[in-house]
Amino acid sequence: MSEEQKEMSFLDHLEQLRWHLIRSTLAIFIVGIAIFSFKTIVYERFLLAHLDADFPTYQWLCKGAQYIGIESDFCSMNLSSSLQSLSPTGQLMNAIWTSLILGLLVSFPYVLWEIWKFISPGLHEKEQKKSRAFMFYASCLFFIGVLFSYYVIAPLSVSFFYNFNITDMIENKFDFKTHINLITNTLLGVSLMFELPVLIFFLTKMGLVTPPFLKKHRKIALVLVLTLSAIITPPDIASQVIVTLPIMLLYEISILISKRVVKQESKALRKL
């Protein structure tokens, strides 16, 4: 193949990548616009729902405490729902950015599909079939992360911060943007961390990691997960530990996935 042909081939790939990125971005914007159109419902019933004492997580924790015979603050939640907007453009800009973040969350399977469409021409027929199932599992992991962060991490974080008080002389009055950012950052960050098995799969396929490597560096992985948990969750130990436990479980699952990938590739090489 000539140098000019190679250059054209590379440019063709870039052109394809550009259109995949454009379609993914358009999907996020379209879903974001739809969410913005129902912003009042989205904010009141979804993003601000953790301020309601009747939120399911608080009720479950209350019933759990009563079942084992202990008192719990979750049975008498008193969260201030009076949030403030401290700038004239605060509500508008927050609604726009939040709609885009939620647009990414909702359209994640489509974005993943666009990525697969870009990669799939370079895969064998068997690998393409497996990739379709892999996309399904990747999407499931992502939405499990969304549910976990929304029903576990977010309510515990809101409960902690809204009830933390140094002295009665200080009254908690929060800017609504800090609350919304807390929820959206937790949703997006935890959901992406749940994609760890997907990342390990591709790194193993590329030969960048191996099962022995992953086993050897468990302690380093734990430190990295704790660090990431501290970044994407509020700075309280409970939230960080709650995030870290499932991620480390996914890390162990990733080791098994890495073993399977290596085993399959070894079989393919022996056949050759």
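Just so it is clear, none of the values below were taken in a lab; they were calculated from the coordinates. Keep in mind it's a predicted model, so treat the numbers as computed, not measured. No Cβ is skipped: glycine too gets one built from the backbone with ideal geometry, and neighbour counts run over all protein chains shown.
Tell me, what is the FRET efficiency for L249 and M135 to the nearest 0.05, using R0 = 25 angstrom and their Cβ-Cβ distance as r? Taking R0 as 25 Å, the efficiency between L249 and M135 is 0.70. A crude spin-label estimate for the pair Q66 and I119, with each label 7 Å from Cα along the Cβ direction, gives 4.8 nm. Look at D52, D168 and count the other Cβ atoms within 10 Å of each Cβ; fewest to most, that gives D168, D52. Around I180, with a cut-off of 15 angstrom between Cβ atoms, what is the net charge of the other residues, counting Lys and Arg +1 and Asp and Glu -1? Net local charge, I180 excluded: +1. Under 5 Å from the amide H of D175 lie the amide H atoms of Q84, each residue being 5 or more positions distant or on a separate chain, with H modelled from the backbone and absent for Pro and chain starts. Taking 0.36 nm per residue of separation and subtracting the Cα-Cα distance, full extension of the segment from S266 to N165 would add 30.5 nm. Here the label points at V223 and I96, each 7 Å from Cα along the C-beta direction, are separated by 4.2 nm in the simple model.
Distance between the pseudo-spin-label points of E15 and D73 (7 Å out from Cα toward the beta carbon): 6.1 nm. Taking the fewest neighbouring Cβ atoms within 10 Å as the starting point, the ordered list for L226, L196 is L226, L196. Going from the fewest other Cβ atoms within 10 Å to the most, the residues I115, I200 appear in the order I115, I200.
For a test of the definition: using alpha carbon positions, the gyration tensor, and the 1.5 limit on a/c, classify region 29-70 as rounded, prolate or oblate.
It is prolate, given that a/c is not under 1.5 and a/b is the larger ratio.
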